[in-house]
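A short reminder: the numbers here are calculations on the coordinates, not readings from a lab. Computed from a prediction, not measured in an experiment: that's the story for all the values here. We place every Cβ from the backbone using ideal geometry, glycine too, and count neighbours over all the protein chains shown.
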Amino acid sequence: MEDMYYFVKNRLFEINKNNKGVATVEVILILVVLIGLVVVFKSNAAELLTKIWNAVTKGASSVTG
């Protein structure tokens with residue numbers, strides 16, 4: 001585990017030397033934040049989607065008969 005930490009640390013240091021990796025680091029950070037939000041709000045999002053789906057199917061049933 002410690003080897004992986006030093007590998008990532010060294011890799012980020014190398015990326016930081018040139019500006020080509022700046023966009024990559026930004027994308028990775030954005031993905032980490034988005035994944036974190038999904039994990040935190042997973043149950044709320046699932047509940048909301050279930051309510052929406054139930055409303056859609058109920059509405060479709062009333063239209064189709």
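Tabulated values for the structure
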| item | result |
| --- | --- |
| Cα-based helix-to-principal-axis angle, 42-64 vs the chain, degrees rounded to 10 | 30 degrees |
| Extreme residue, positive dipole direction of the chain, given options VAL40, ILE30, ALA60 (C-beta unit charges) | ALA60 |
| Electrostatic dipole magnitude of segment 2-64 [Cβ: Lys, Arg +1; Asp, Glu -1; Cα centre; debye, to 20] | 200 debye |
| Added length on full extension, which subtracts the Cα-Cα distance from 0.36 nm per residue, TYR5 to VAL25 | 5.6 nm |
| Estimated inter-spin distance, LYS58 and VAL39, nm [label 7 Å along Cα→Cβ] | 3.5 nm |
| Of (i) 13.8; (ii) 15.7; (iii) 18.0, the label for Kirkwood radius over Cα pairs in Å derived from the coordinates | (ii) |
| With Cα atoms, 0 to 90° folded angle of helix 22-40 axis to the chain main axis | 40 degrees |
| In degrees, nearest ten, helix 2-17 long axis to first principal axis of the chain (Cα) | 80 degrees |
| Per-residue [θ]222 nm for the chain (sum of -39500 (n - 2.57) over DSSP H runs n ≥ 4, rounded to 500) | -30500 deg cm²/dmol |
